[in-house]
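Working notes, structure below.
Derivation of every value follows stated rules applied to the coordinates shown; laboratory data play no part. These numbers were taken from a predicted model, which means no experiment stands behind them. Using ideal geometry, Cβ is built from the backbone for each residue, glycine included, and neighbour counts are taken over all protein chains shown.
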Amino acid sequence: MSMDVRDLGGRPVIIGAGIAGLMTALQLAPEPVLLLSRSPLGADASSMWAQGGLAASLGDDDDPALHLSDTLAAGDGLCDAQAARRIVYAAPAAIEYLARFGVRFDRTPAGALRLGLEAAHTRRRIVHARGDGSGREVMRALIAAVGSTPTIAVIEGFEARRLAMEDGRIAGVLASGPTGPAFLATARVVLATGGIGGLFHDSTNPLGSCGQGLALAAHAGAVLADLEFIQFHPTALDGPGRPMPLISEAVRGEGAVIVDETGRRFLDGVRGAELAPRDIVARAVWKHLADGHRVFLNVRERPGPEFARQFPTIASACKKAGIDPVRDLMPIRPAQHYHMGGVAVDGSGRTSVTGLWACGEVASTGLHGANRLASNSLTEAVVCARWVAESIAGTPAHRTKPAIASDRPSPDPTTVRPLLSRALGVLRDGEALKAAARALLPPAERKDAASDPAAVGLMIAIAALRRRESRGAHYRTDFPHHAAVARRSEITLEAALAAARELAPVLEGVT
């Protein structure tokens, strides 16, 4: 559907068209809504690449209390228990809701949902669709549903650059597209922009996912939470391609093992071994690589000949790399995969800025804590989209003043990517974090293509520097132990800039 972007009539604007954005738009129907997508629907969304599926307690031996217990354990003391409980208890109904939209979930010959096992889950509770193509199948169904919903207007090829403010609240979206800058006058905006993978050299995410939603919220004055917690997936296919192909945790759930070049399973002494929480496996693999070893995933025995049928997406990536998983070992290394931190939101997805909501990976609901439990993220996006929509629908629409749109450069993380990759990887230390903050300050204060990625990286670096402990996915080699009390972190862009200025070296000869 096309429309004149200058006349929104007070309708809400959703920025981002992954699962979180699409679901929020569908949940708002029949209220008119504008969905802003920087590329054709599904072309550049992390959701499309999701392999693992959705976690929900649907098995006869499972219940939401067990799912909650596993979530809290993986979160390493930092989950918001109330938020986590609310989300996991709503998860089974969310699966049914997606099925009604036409998502073709994998089923047994008897017609029951086929449930998979992933790391740190004590039960089989991962619902897949088309094997390891879960994200693609969910996106297919939701894109079709959006296309048949007349109240959802989609504008493709436009990217949000800034949020306009008026009297401390949202007044519109400054965007840019093929026809130049545009101003979308609205008092209700939803951020559903995904994650930060494009800020790292080794990532399984689309390179365009460089934290723009965080930058939009930060420049509007929003509070961000837990930014230092970045999950590195331990089994990305090691090769020259970027982004790196993901080898889903579900492969290890079906019996694959991690070995080195000698064939040794060096995780044997780790509790849970290959199915330990992701941060533990990622650090073990990282350290083994640093010691000069090579690391591989061995699927030759399990799943064995069934591998290509169960995991067609991964099998295709291996074939492109010249690897036959049934005969060859698959080289792996950790890669940035998911951001537990994000824009701080309440149970309805509202941020600290009036008129601004966030949903999906860009939001910090408190579900994931210090280390996301596998396959909880798509579940979170689907569940929370309904609560966000309900909150928006209950917020009266009002007209805002039109403004003149000015163009800004598209974010380009190229120059800051090496800084974040070095300082904010699997292992961190204070001196490297300080050096990164100092280097990120000048571009963060400029108004060029690197400024937004630098501002996001700076906030993450300062948050990591302030957390003088190791917890979940955040591991400080200079502070390897847990703090006595687990506390979530909060930061604003203004506070991060001020902290970085204090770290800036004094110029020689200047008094």
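Per-structure values
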{"item": "Relative contact order [Cα under 8 Å, 6+ residues apart], the chain, whole percent", "result": "21 percent"}
{"item": "Orientation-averaged projected area, Cα convex hull of segment 1-98 (nm²)", "result": "8.7 nm²"}
{"item": "Net length gained if the chain between T108 and R468 were fully extended (0.36 nm per residue, minus Cα distance)", "result": "124.8 nm"}
{"item": "Order of L246, L191, L26, L289 under a 10 Å beta carbon neighbour criterion, fewest first", "result": "L289, L26, L246, L191"}
{"item": "Separation of alpha-carbon centers, segment 147-197 and segment 281-348, rounded to whole Å", "result": "35 Å"}
{"item": "Gyration tensor over alpha-carbon atoms, the chain, equivalent ellipsoid semi-axes in Å", "result": "34, 29, 20"}
{"item": "Two-decimal Rg to Rh for segment 406-503 - Kirkwood Rh, Cα set", "result": "1.00"}
{"item": "Subset of K287/K319; K401/K447; K319/K434; K320/K447 violating a 32 Å alpha-carbon distance limit", "result": "K319/K434; K320/K447"}
{"item": "Protection proxy ranking, peptides 127-140, 57-70, average beta carbon neighbours within 10 Å, highest first", "result": "127-140, 57-70"}
{"item": "Over segment 235-335, equivalent-ellipsoid semi-axes from the Cα gyration tensor in Å", "result": "20, 15, 12"}
{"item": "Simple spin-label estimate for A483 and S421 in nanometres, 7 Å along Cα-Cβ", "result": "3.1 nm"}
{"item": "Share antiparallel - DSSP beta bridges, the chain, percent rounded to 5", "result": "65 percent"}
{"item": "Two-decimal log10 I(q)/I(0) for segment 58-142, as the Debye equation yields it once each C-alpha is a single scatterer, q = 0.13, 0.19 Å⁻¹", "result": "-0.46, -0.93"}
{"item": "Cα gyration tensor category, rounded, prolate or oblate, for segment 348-468 with a/c compared to 1.5", "result": "oblate"}
{"item": "Low-density loop positions, trypsin sites (Lys or Arg not before Pro), segment 71-118 - DSSP coil, at most 13 other Cβ in 10 Å", "result": "R104"}
{"item": "Sum of -39500 (n - 2.57) over DSSP H runs of 4+, divided by residues of the chain (222 nm, nearest 500)", "result": "-10000 deg cm²/dmol"}
{"item": "Segment 105-237, Rg to Rh (Cα coordinates; Rh as Kirkwood inverse mean 1/r)", "result": "1.04"}
{"item": "Protection-proxy order for peptides 40-50, 73-83, each taking the mean of Cβ atoms within 10 Å per residue, highest first", "result": "40-50, 73-83"}
{"item": "Relative contact order [Cα under 8 Å, 6+ residues apart], segment 11-124, whole percent", "result": "20 percent"}
